[in-house]
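These notes are about the structure you will find just below.
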Amino acid sequence: MSLGRRTALGLAALLALGGAVALAAQDFPFRGRRARIYSPGEAPRPGFTFCRVFYNQVRYEWMGQGWRTDYPDSDRNFMLRFSQLTTADVAHFENNEPFHAVVTLTDDALFECPFIFMSDVGTLGLSGAEADNLRAYLLKGGFLWVDDFWGEDAWEQWTREIGRVLPPAAYPIVDLPLSHEMLQTLYKVDRVPQVPSIQFWRRSGRSQTSERGQESAEPHLRAIFDERGRIMVVMTHNTDIADGWEREGEDDEFFYLFSPPAYGLGVNVVLYALTH
């Protein structure tokens with residue numbers, strides 16, 4: 001069964017409970033007020049924690065919000081669905097809501113996170129200390145996923161910054177083939193989904209997915225490997241996978257078009273990161 005159908009059936013079964021799951025997600029402590037920033041070690045019930053990286057924004061991208069793009073709802077919703085779609089041990093708050101955290105690249109708490117996530121990285125600027133610490137984290141076995149950056153300018157900014165962390169001569173960026181084991185971990189990924197922001201999709205008449213027109217028409221799934229063949233960095237370029245998580249409860253059509261492939265890819269990536 002394909003990724004989209006399998007994941008849609010799994011999520012549909014959850015959402016068919018009369019909306020109870022969706023309502024539980026919306027009743028999150030961050031909803032409607034400033035989100036408190038939690039560190040990985042603060043989870044009352046430990047387990048896998050979705051760790052988002054705080055970074056300094058040095059340029060602006062249209063529709064981007066720097067490090068907090070899609071935050072906190074995408075992180076919260078992904079943790080909820082990951083706990084429902086897998087048997088992984090997931091960190092929780094005391095009220096049983098899935099726990100997620102924010103870390104800086106110079107914080108020792110970074111090394112408590114086997115998986116870290118960054119959004120809108122076409123605006124990223126790293127200090128020397130941040131680049132050094134991120135390199136140490138990745139070479140010690142850490143895993144980074146970057147998402148939601150569109151077009152050539154954003155790609156050039158990102159590759160310049162990650163090149164300071166992992167020199168491209170030693171650690172080249174490559175297109176990840178759909179046959180790679182990460183894309184078969186739980187769901188079979190047979191295409192790179194292009195998920196637009198829900199705002200762009202609605203403004204386009206619910207018909208367009210490329211936020212930069214022809215320049216971003218092709219979504220990319222790319223990676224950087226270590227010397228042993230382990231993926232250290234995954235890049236989803238010209239797509240906003242996390243919006244498929246963040247906006248899942250806002251529009252039925254958007255959900256059925258974009259959330260199943262977004263969750264399917266996300267579950268695969270995290271399971272790979274936790275087992276490699």
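Points to keep in mind about this one:
- Charge context of residue 183, other residues only, Cβ under 11 angstrom, K/R +1, D/E -1: 0
- Packing around the peptides 110-118, 137-145, taken as the average count of other Cβ atoms within 10 Å per residue, puts them in this order, highest first: 110-118, 137-145.
- Over the range 143-276, all Cα pairs binned in 5 Å intervals from 0 give whole-percent P(r) values of 2, 10, 20, 22, 19, 15, 8, 3, 1, 0, listed from short to long.
- Per residue, the convex hull spanned by the Cα atoms of the range 50-128 measures out at 103 cubic angstrom.
- Note on the range 205-244: semi-axes of the ellipsoid equivalent to its C-alpha gyration tensor, largest first and rounded to whole Å, are 28, 11, 5.
- Size descriptor, Kirkwood hydrodynamic radius, that averages inverse alpha-carbon separations across the range 132-196, Å: 14.0
- The Kirkwood radius of the chain, taken over pairs of alpha-carbon atoms, gives through the Stokes-Einstein law at 10 °C and 1.306 mPa s a diffusion coefficient of 85 µm² s⁻¹.
- Protection proxy ranking, highest mean first, for peptides 39-50, 75-86: 75-86, 39-50, where packing is the per-residue count of other beta-carbon atoms within 10 Å, averaged.
- The chain, helix-only ellipticity at 222 nm - DSSP H runs n ≥ 4, -39,500 (n - 2.57), divided by all residues, nearest 500: -11000 deg cm²/dmol
- Taking every alpha-carbon pair under 8 Å whose residues sit at least 6 apart, the chain reaches a relative contact order of 22 percent.
- Net charge contributed by nearby residues that have their C-beta within less than 15 Å of residue 221 (K/R +1, D/E -1): -4
The numbers here are math on the coordinates, done by the rules we state, and not lab data. This one's a predicted model, so the numbers in the text were calculated from it and none came from an experiment. Heads up, the Cβs are rebuilt from the backbone with ideal geometry, glycines too, and the neighbour counts pull from every protein chain shown.
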